[in-house]
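Participant: This is the structure I want to talk about, given as C-alpha coordinates.
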Amino acid sequence: MRSTGSPMIARIVLTASLLALTGCGLVYDAVQWIYPIAKDDLQRVCARKRLRVGISVEPFRPFVFPAVFTDEGLRITGMDVDLVRELASALERRCGREDPVIPTLHLVRVRDQFVELNENKLDLIVSAVTANVPLEQAAGIAYSIPYYDDGAIGGMARSRELAQSIRTRFGAPAQNGEGGTPASRAFEGLRVAVPELRSPYVYAKEYLERSELILCDSLPAAFESQNPPVDVILGKLPVLRYIVTRVRKDWHLIEWADGVPLRLMREQYAVAMAEENYRLRLFVNDTLFRLRESGRLEELRRKWHDDFYAYPRRAATEGLPFSVEDLPQHYDQGTCRWMTSR
(Lines give C-alpha, C1' and ligand atoms only; values in the text may rest on other atoms or scores of the structure.)
Protein backbone atom coordinates (compact mmCIF):
# COMPACT_ATOMS: atom_id res chain seq x y z
CA MET A 1 0.00 0.00 0.00
CA ARG A 2 2.72 2.37 0.95
CA SER A 3 4.73 1.83 -2.19
CA THR A 4 1.73 2.29 -4.47
CA GLY A 5 0.28 5.22 -2.60
CA SER A 6 3.38 7.35 -2.27
CA PRO A 7 3.43 8.64 -5.90
CA MET A 8 -0.25 9.55 -5.65
CA ILE A 9 0.31 11.32 -2.34
CA ALA A 10 3.29 13.18 -3.83
CA ARG A 11 1.18 14.40 -6.76
CA ILE A 12 -1.58 15.55 -4.42
CA VAL A 13 0.91 17.45 -2.27
CA LEU A 14 2.50 19.02 -5.37
CA THR A 15 -0.88 20.11 -6.73
CA ALA A 16 -1.90 21.58 -3.38
CA SER A 17 1.40 23.43 -3.15
CA LEU A 18 0.98 24.93 -6.61
CA LEU A 19 -2.56 26.02 -5.87
CA ALA A 20 -1.34 27.65 -2.66
CA LEU A 21 1.28 29.58 -4.62
CA THR A 22 -1.11 31.02 -7.20
CA GLY A 23 -2.22 33.73 -4.82
CA CYS A 24 1.35 34.93 -4.62
CA GLY A 25 1.89 34.77 -8.38
CA LEU A 26 4.58 32.12 -7.90
CA VAL A 27 3.04 29.17 -9.78
CA TYR A 28 5.12 29.90 -12.91
CA ASP A 29 8.37 29.88 -10.88
CA ALA A 30 7.39 26.64 -9.18
CA VAL A 31 6.62 24.90 -12.47
CA GLN A 32 9.86 26.20 -13.98
CA TRP A 33 11.78 24.81 -10.96
CA ILE A 34 10.23 21.38 -11.43
CA TYR A 35 10.38 21.33 -15.25
CA PRO A 36 13.20 23.69 -16.40
CA ILE A 37 12.32 25.58 -19.58
CA ALA A 38 14.55 24.88 -22.59
CA LYS A 39 17.15 27.44 -23.57
CA ASP A 40 16.05 30.05 -26.10
CA ASP A 41 17.10 30.03 -29.74
CA LEU A 42 20.16 32.27 -29.31
CA GLN A 43 21.39 30.35 -26.27
CA ARG A 44 21.06 27.07 -28.18
CA VAL A 45 23.38 28.36 -30.91
CA CYS A 46 25.88 29.54 -28.30
CA ALA A 47 25.77 26.21 -26.48
CA ARG A 48 26.21 24.31 -29.74
CA LYS A 49 29.13 26.55 -30.78
CA ARG A 50 28.00 26.13 -34.36
CA LEU A 51 25.91 28.36 -36.59
CA ARG A 52 24.09 26.14 -39.09
CA VAL A 53 23.61 28.12 -42.29
CA GLY A 54 21.78 27.08 -45.44
CA ILE A 55 23.53 28.19 -48.63
CA SER A 56 21.96 27.65 -52.01
CA VAL A 57 23.23 24.65 -53.99
CA GLU A 58 22.30 26.62 -57.09
CA PRO A 59 25.01 29.27 -57.60
CA PHE A 60 23.86 32.90 -57.52
CA ARG A 61 27.03 34.77 -58.48
CA PRO A 62 28.34 36.95 -56.93
CA PHE A 63 26.33 36.10 -53.79
CA VAL A 64 27.18 32.38 -53.94
CA PHE A 65 29.77 30.88 -56.31
CA PRO A 66 30.22 27.24 -57.33
CA ALA A 67 32.36 25.16 -54.97
CA VAL A 68 36.10 24.96 -55.58
CA PHE A 69 38.68 22.28 -54.73
CA THR A 70 41.58 23.92 -52.85
CA ASP A 71 44.65 22.70 -50.99
CA GLU A 72 42.58 23.04 -47.81
CA GLY A 73 39.68 21.00 -49.21
CA LEU A 74 36.34 22.04 -50.68
CA ARG A 75 35.55 25.73 -50.29
CA ILE A 76 32.70 28.01 -51.31
CA THR A 77 32.78 31.79 -51.50
CA GLY A 78 30.81 34.88 -52.42
CA MET A 79 29.25 37.93 -50.77
CA ASP A 80 26.79 35.81 -48.79
CA VAL A 81 29.61 33.59 -47.52
CA ASP A 82 31.48 36.68 -46.32
CA LEU A 83 28.30 37.81 -44.59
CA VAL A 84 28.04 34.43 -42.82
CA ARG A 85 31.59 34.92 -41.56
CA GLU A 86 30.66 38.36 -40.19
CA LEU A 87 27.57 36.97 -38.44
CA ALA A 88 29.57 34.11 -36.90
CA SER A 89 32.23 36.51 -35.60
CA ALA A 90 29.61 38.77 -34.04
CA LEU A 91 27.88 35.74 -32.53
CA GLU A 92 31.15 34.58 -31.00
CA ARG A 93 31.48 37.93 -29.23
CA ARG A 94 27.82 37.82 -28.20
CA CYS A 95 28.12 34.33 -26.70
CA GLY A 96 31.04 35.47 -24.55
CA ARG A 97 33.10 32.33 -25.00
CA GLU A 98 36.74 31.79 -25.76
CA ASP A 99 35.88 28.89 -28.07
CA PRO A 100 34.97 30.04 -31.60
CA VAL A 101 31.44 29.77 -32.98
CA ILE A 102 31.97 27.84 -36.20
CA PRO A 103 29.79 28.63 -39.23
CA THR A 104 28.68 25.27 -40.66
CA LEU A 105 27.50 25.59 -44.26
CA HIS A 106 24.87 23.26 -45.67
CA LEU A 107 24.34 23.40 -49.43
CA VAL A 108 20.59 23.05 -49.85
CA ARG A 109 18.32 23.28 -52.87
CA VAL A 110 16.03 26.30 -52.87
CA ARG A 111 12.93 24.10 -52.75
CA ASP A 112 14.18 22.43 -49.53
CA GLN A 113 15.59 25.42 -47.63
CA PHE A 114 12.41 26.56 -45.91
CA VAL A 115 11.48 22.99 -45.01
CA GLU A 116 14.84 22.45 -43.29
CA LEU A 117 14.44 25.73 -41.40
CA ASN A 118 11.04 24.69 -40.09
CA GLU A 119 12.42 21.27 -39.12
CA ASN A 120 15.19 22.96 -37.09
CA LYS A 121 17.97 21.56 -39.27
CA LEU A 122 19.22 25.08 -40.01
CA ASP A 123 19.51 28.30 -38.01
CA LEU A 124 19.69 30.71 -40.96
CA ILE A 125 19.44 30.85 -44.75
CA VAL A 126 21.79 33.30 -46.46
CA SER A 127 21.36 33.03 -50.24
CA ALA A 128 20.08 36.32 -51.68
CA VAL A 129 16.64 35.50 -50.25
CA THR A 130 14.03 38.09 -51.25
CA ALA A 131 12.17 39.42 -48.23
CA ASN A 132 9.52 41.54 -49.97
CA VAL A 133 8.02 39.05 -52.46
CA PRO A 134 5.46 36.70 -50.85
CA LEU A 135 6.16 33.00 -51.33
CA GLU A 136 3.56 30.41 -50.42
CA GLN A 137 6.19 27.85 -49.44
CA ALA A 138 7.74 30.25 -46.88
CA ALA A 139 5.07 29.87 -44.19
CA GLY A 140 6.60 30.09 -40.73
CA ILE A 141 9.65 31.97 -42.01
CA ALA A 142 10.80 35.40 -40.81
CA TYR A 143 13.30 37.79 -42.39
CA SER A 144 15.96 40.11 -41.06
CA ILE A 145 16.34 43.71 -42.08
CA PRO A 146 17.83 43.88 -45.62
CA TYR A 147 21.55 43.52 -46.15
CA TYR A 148 21.24 44.31 -49.88
CA ASP A 149 18.76 47.00 -50.98
CA ASP A 150 19.47 47.36 -54.69
CA GLY A 151 17.95 44.08 -55.81
CA ALA A 152 15.35 43.65 -58.53
CA ILE A 153 13.79 41.16 -60.89
CA GLY A 154 15.22 41.61 -64.36
CA GLY A 155 15.61 39.69 -67.58
CA MET A 156 18.12 38.62 -70.19
CA ALA A 157 17.46 37.62 -73.79
CA ARG A 158 19.15 35.17 -76.13
CA SER A 159 19.88 37.91 -78.70
CA ARG A 160 20.47 41.65 -78.64
CA GLU A 161 17.62 42.18 -81.10
CA LEU A 162 15.17 40.35 -78.86
CA ALA A 163 16.29 42.36 -75.83
CA GLN A 164 15.67 45.59 -77.75
CA SER A 165 12.26 44.36 -78.94
CA ILE A 166 11.17 43.58 -75.39
CA ARG A 167 12.32 47.00 -74.23
CA THR A 168 10.32 48.69 -77.00
CA ARG A 169 7.17 46.68 -76.30
CA PHE A 170 7.46 47.29 -72.56
CA GLY A 171 7.66 51.06 -73.03
CA ALA A 172 4.91 51.32 -75.65
CA PRO A 173 1.46 52.48 -74.50
CA ALA A 174 -1.38 49.99 -74.65
CA GLN A 175 -3.47 50.07 -77.82
CA ASN A 176 -7.22 50.69 -77.70
CA GLY A 177 -8.89 47.84 -75.89
CA GLU A 178 -5.58 46.09 -75.15
CA GLY A 179 -5.45 44.87 -71.57
CA GLY A 180 -2.77 43.37 -69.41
CA THR A 181 0.30 44.82 -67.74
CA PRO A 182 3.28 46.26 -69.67
CA ALA A 183 5.21 43.11 -68.73
CA SER A 184 2.53 40.78 -70.05
CA ARG A 185 2.53 42.63 -73.38
CA ALA A 186 6.33 42.87 -73.60
CA PHE A 187 6.90 39.13 -73.07
CA GLU A 188 3.82 37.94 -74.97
CA GLY A 189 4.41 34.74 -76.93
CA LEU A 190 7.96 34.30 -75.65
CA ARG A 191 9.37 31.23 -73.90
CA VAL A 192 10.39 32.60 -70.52
CA ALA A 193 12.47 30.52 -68.09
CA VAL A 194 12.38 31.14 -64.34
CA PRO A 195 14.25 29.41 -61.49
CA GLU A 196 12.00 27.32 -59.29
CA LEU A 197 10.55 28.87 -56.11
CA ARG A 198 12.43 32.14 -56.40
CA SER A 199 10.90 35.61 -56.70
CA PRO A 200 11.05 35.64 -60.56
CA TYR A 201 8.95 32.46 -60.47
CA VAL A 202 6.31 34.21 -58.34
CA TYR A 203 6.36 37.26 -60.59
CA ALA A 204 6.07 35.29 -63.83
CA LYS A 205 3.17 33.19 -62.57
CA GLU A 206 1.27 36.33 -61.60
CA TYR A 207 2.04 38.76 -64.44
CA LEU A 208 3.26 36.91 -67.56
CA GLU A 209 0.00 35.20 -68.42
CA ARG A 210 0.67 35.63 -72.16
CA SER A 211 4.06 33.91 -72.08
CA GLU A 212 5.04 30.27 -72.27
CA LEU A 213 6.66 29.69 -68.91
CA ILE A 214 9.51 27.24 -68.37
CA LEU A 215 10.34 26.11 -64.86
CA CYS A 216 14.05 25.38 -64.21
CA ASP A 217 15.78 23.77 -61.26
CA SER A 218 18.51 26.39 -61.44
CA LEU A 219 19.81 29.32 -63.47
CA PRO A 220 22.59 27.22 -65.09
CA ALA A 221 19.93 24.73 -66.21
CA ALA A 222 18.06 27.56 -67.95
CA PHE A 223 21.14 28.45 -70.01
CA GLU A 224 21.60 24.86 -71.13
CA SER A 225 17.97 24.04 -71.84
CA GLN A 226 17.27 22.94 -75.42
CA ASN A 227 14.05 21.04 -74.87
CA PRO A 228 12.19 23.20 -74.09
CA PRO A 229 14.10 26.03 -75.78
CA VAL A 230 14.40 29.35 -73.94
CA ASP A 231 14.04 32.89 -75.34
CA VAL A 232 14.27 34.87 -72.11
CA ILE A 233 15.46 34.17 -68.56
CA LEU A 234 14.08 36.11 -65.62
CA GLY A 235 16.22 36.29 -62.51
CA LYS A 236 17.70 38.46 -59.81
CA LEU A 237 19.11 41.51 -61.56
CA PRO A 238 22.47 41.66 -59.71
CA VAL A 239 23.03 38.01 -60.64
CA LEU A 240 22.03 38.53 -64.28
CA ARG A 241 24.25 41.61 -64.54
CA TYR A 242 27.24 39.67 -63.25
CA ILE A 243 26.56 36.75 -65.63
CA VAL A 244 26.22 38.78 -68.85
CA THR A 245 29.31 40.81 -67.94
CA ARG A 246 31.67 38.01 -66.94
CA VAL A 247 30.25 34.56 -67.70
CA ARG A 248 27.70 34.40 -70.57
CA LYS A 249 28.40 37.28 -72.92
CA ASP A 250 26.30 35.57 -75.58
CA TRP A 251 23.21 36.62 -73.58
CA HIS A 252 22.00 40.22 -73.30
CA LEU A 253 20.55 42.10 -70.37
CA ILE A 254 17.22 43.77 -71.12
CA GLU A 255 17.94 47.48 -70.69
CA TRP A 256 16.46 50.86 -71.53
CA ALA A 257 18.07 52.88 -74.32
CA ASP A 258 20.31 54.70 -71.82
CA GLY A 259 21.72 51.39 -70.53
CA VAL A 260 19.71 51.32 -67.30
CA PRO A 261 18.47 47.78 -66.64
CA LEU A 262 14.75 47.10 -66.97
CA ARG A 263 13.47 46.39 -63.45
CA LEU A 264 10.26 44.40 -63.25
CA MET A 265 10.09 44.59 -59.47
CA ARG A 266 12.33 45.98 -56.74
CA GLU A 267 13.77 43.51 -54.23
CA GLN A 268 15.54 43.49 -50.89
CA TYR A 269 17.70 40.54 -49.84
CA ALA A 270 17.65 39.44 -46.22
CA VAL A 271 18.62 36.61 -43.89
CA ALA A 272 15.83 34.05 -43.35
CA MET A 273 15.16 32.14 -40.13
CA ALA A 274 12.33 30.36 -38.33
CA GLU A 275 9.60 32.76 -37.26
CA GLU A 276 9.76 31.79 -33.58
CA ASN A 277 13.51 32.49 -33.30
CA TYR A 278 12.95 35.99 -31.95
CA ARG A 279 16.25 36.51 -30.11
CA LEU A 280 18.30 35.19 -33.03
CA ARG A 281 16.44 37.56 -35.36
CA LEU A 282 17.10 40.49 -33.03
CA PHE A 283 20.79 39.58 -32.94
CA VAL A 284 21.01 39.31 -36.74
CA ASN A 285 19.18 42.62 -37.20
CA ASP A 286 21.50 44.36 -34.75
CA THR A 287 24.58 42.91 -36.45
CA LEU A 288 23.40 43.93 -39.92
CA PHE A 289 22.63 47.43 -38.65
CA ARG A 290 26.13 47.78 -37.23
CA LEU A 291 27.71 46.40 -40.42
CA ARG A 292 25.80 49.00 -42.42
CA GLU A 293 26.62 51.87 -40.07
CA SER A 294 30.33 50.99 -40.11
CA GLY A 295 30.42 50.82 -43.92
CA ARG A 296 31.29 47.13 -43.90
CA LEU A 297 28.23 46.10 -45.94
CA GLU A 298 29.17 48.60 -48.63
CA GLU A 299 32.72 47.21 -48.62
CA LEU A 300 31.35 43.73 -49.22
CA ARG A 301 29.11 44.98 -52.03
CA ARG A 302 32.01 46.67 -53.82
CA LYS A 303 34.30 43.70 -53.24
CA TRP A 304 31.95 41.22 -54.93
CA HIS A 305 29.92 43.34 -57.36
CA ASP A 306 32.35 45.98 -58.62
CA ASP A 307 35.88 44.58 -58.34
CA PHE A 308 37.38 42.25 -60.93
CA TYR A 309 38.69 38.99 -59.51
CA ALA A 310 39.07 35.25 -59.98
CA TYR A 311 36.65 33.66 -57.53
CA PRO A 312 38.61 30.35 -57.26
CA ARG A 313 41.51 32.32 -55.84
CA ARG A 314 39.25 34.00 -53.31
CA ALA A 315 37.76 30.63 -52.42
CA ALA A 316 41.25 29.27 -51.72
CA THR A 317 42.18 32.15 -49.42
CA GLU A 318 38.86 33.26 -47.94
CA GLY A 319 36.25 30.57 -48.63
CA LEU A 320 34.44 28.47 -46.05
CA PRO A 321 34.22 24.66 -46.04
CA PHE A 322 31.02 22.65 -46.39
CA SER A 323 30.00 19.03 -46.07
CA VAL A 324 31.37 16.67 -48.74
CA GLU A 325 27.97 14.97 -48.71
CA ASP A 326 26.53 18.10 -50.36
CA LEU A 327 28.93 17.95 -53.31
CA PRO A 328 27.06 15.59 -55.69
CA GLN A 329 23.89 17.69 -55.75
CA HIS A 330 25.99 20.85 -55.96
CA TYR A 331 27.19 19.84 -59.42
CA ASP A 332 23.80 18.51 -60.51
CA GLN A 333 22.03 21.69 -61.59
CA GLY A 334 18.88 19.90 -62.75
CA THR A 335 16.70 20.43 -65.80
CA CYS A 336 13.91 22.60 -67.19
CA ARG A 337 10.31 21.73 -68.08
CA TRP A 338 7.15 23.49 -69.18
CA MET A 339 5.13 25.00 -66.34
CA THR A 340 1.86 23.12 -66.54
CA SER A 341 -0.15 25.04 -63.94
CA ARG A 342 -0.29 28.57 -62.55
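The values are calculated or read from the model by the stated rules, or taken from the named source; none is laboratory data. Given the structure is predicted, the values throughout are model-derived calculations rather than measurements. Every residue, glycine among them, receives a Cβ derived from its backbone with ideal geometry; neighbour counts consider all protein chains shown. These accessible areas exclude ligands, DNA and RNA; they are computed on the full protein's heavy atoms, side chains included. Shrake-Rupley method; radii C 1.70, N 1.55, O 1.52, S 1.80 Å.
Participant: Could you calculate the contour length gain from D150 to Q164, that is, 0.36 nm times the residue separation minus the distance between their Cα atoms, to one decimal place in nm?
Facilitator: Length gained, D150 through Q164: 2.7 nm.
Participant: Explain nothing, just the number: relative contact order of the chain, from Cα pairs under 8 Å at least 6 residues apart, as a whole percent.
Facilitator: Once normalised by length, the contact order is 27 percent.
Participant: Mind pulling the angle between the C-alpha long axis of helix 278-293 and the longest principal axis of the chain? Nearest 10 degrees, somewhere in 0 to 90.
Facilitator: Its long axis makes an angle of about 50 degrees.
Participant: Now for a different question. Obtain the nm distance between the two label points defined at F289 and V247 by a simple spin-label model: each point lies 7 Å from its Cα along the Cα-to-C-beta direction.
Facilitator: 3.5 nm
Participant: Among V232, V247, V68, whose mean-square fluctuation peaks in a Gaussian network model of the chain (Cα, cutoff 10 Å)?
Facilitator: Among V232, V247, V68, the largest mean-square fluctuation in the Gaussian network model of the chain belongs to V247.
Participant: Turning to a different aspect of this structure: Based on alpha-carbon centroids, what's the gap between the stretch 156-192 and the stretch 58-89 in Å, whole number please?
Facilitator: Here the answer is 37 Å between Cα centres.
Participant: Against the longest principal axis of the chain, how steep is helix 237-246, in degrees 0 to 90 to the nearest 10, with axes from Cα atoms?
Facilitator: 50 degrees
Participant: Per residue, how big is the convex hull of the stretch 101-155 when only Cα atoms are used? Give it in Å³.
Facilitator: Spelled out: Cα convex hull of the stretch 101-155, divided by residues, is 121 Å³.
Participant: Also: Taking just the alpha carbons, could you work out the radius of gyration and Dmax for the stretch 69-219, both in angstroms?
Facilitator: Both quantities, over Cα of the stretch 69-219: 20.2, 71 Å.
Participant: Still on this structure: Compute the signed sum of charges (Lys and Arg +1, Asp and Glu -1) over the other residues within less than 11 Å, Cβ to Cβ, of P261.
Facilitator: It works out to a net charge of 0.
Participant: Read phi for every residue in the stretch 68-83 and hand back ³J(HN,Hα) as whole Hz from Karplus 6.51 cos²θ - 1.76 cosθ + 1.60, θ = phi - 60°, with x for Gly and Pro.
Facilitator: 10, 7, 10, 5, 8, x, 5, 9, 10, 9, x, 4, 5, 5, 4, 5
Participant: Treat each spin label as a single point 7 Å out from the Cα along the C-beta direction, and report the V260 to A316 distance in nm.
Facilitator: Roughly 4.2 nm, to one decimal.
Participant: Ok, one more. Would you kindly derive the ³J(HN,Hα) couplings of the stretch 183-196 from the backbone phi angles with the Karplus curve 6.51 cos²θ - 1.76 cosθ + 1.60 (θ = phi - 60°), listing them in order in whole Hz, with x for Gly and Pro?
Facilitator: Per residue, the Karplus-derived 3J(HN,Hα) values read 5, 5, 6, 5, 9, 4, x, 8, 8, 10, 9, 9, x, 4 Hz.
Participant: Let me ask you something else. Which residues in the stretch 250-278 place their backbone N less than 20 Å from a point set 7 Å from the Cα of D306 along the Cα-to-Cβ direction?
Facilitator: Inside the label zone: 259-261, 269.
Participant: Which one, M156, M265, M79, has the greatest fluctuation when you compute a Gaussian network model over the chain with C-alpha springs under 10 angstrom?
Facilitator: Fluctuation is largest for M265.
Participant: Right, another one. Give me the percent of accessible area attributable to carbon and sulfur for the stretch 236-324, probe 1.4 angstrom.
Facilitator: 51 percent
Participant: Between D123, D80, D286, where does the largest GNM mean-square fluctuation fall for the chain, given springs only between Cα atoms within less than 10 Å?
Facilitator: Its mean-square fluctuation being the largest, the pick is D286.
Participant: Right, something else. Add -39500 (n - 2.57) for each DSSP H run of 4 or more in the chain, then divide by its residues: what number comes out at 222 nm, to the nearest 500 deg cm²/dmol?
Facilitator: Roughly -12000 deg cm²/dmol at 222 nm, from the helical runs in the chain.
Participant: What net charge is computed for the residues neighbouring N285, neighbours being all others with C-beta under 12 Å from the C-beta of N285, Lys and Arg scored +1, Asp and Glu -1?
Facilitator: Working: positive: R279, R281, R290, R292; negative: D286.
Around N285, the surrounding residues sum to +3.
Participant: Let me ask another. Just subtract the alpha-carbon distance of D71 and Q43 from 0.36 nm times their residue separation and send over the number in nm, one decimal. Could you put the intermediate results ahead of the total?
Facilitator: Numbers: separation 28, 0.36 × 28 = 10.08 nm, distance 3.48 nm.
Separation in residues times 0.36 nm, less the Cα-Cα distance, equals 6.6 nm.
Participant: Need the full-extension length gain, N227 to D99, defined as separation in residues times 0.36 nm minus the C-alpha distance. One decimal, nm.
Facilitator: Details: separation 128, 0.36 × 128 = 46.08 nm, distance 5.22 nm.
Taking N227 through D99 to full extension adds about 40.9 nm, to one decimal.
Participant: Next question, about the same structure. What translational diffusion coefficient, to the nearest whole µm²/s, does the chain have by Stokes-Einstein, given a Kirkwood radius computed over alpha-carbon pairs, a temperature of 10 °C and 1.306 mPa s viscosity?
Facilitator: 70 µm²/s
Participant: Could I ask something else about it? In Å², what does the accessible area per residue of the chain work out to with a 1.4 Å probe?
Facilitator: That works out to 50 Å² per residue.
Participant: With angles folded into 0 to 90 degrees, how steeply does helix 160-171 sit against the dominant principal axis of the chain? Use alpha carbons for both and round to 10.
Facilitator: Once rounded, one gets 70 degrees.
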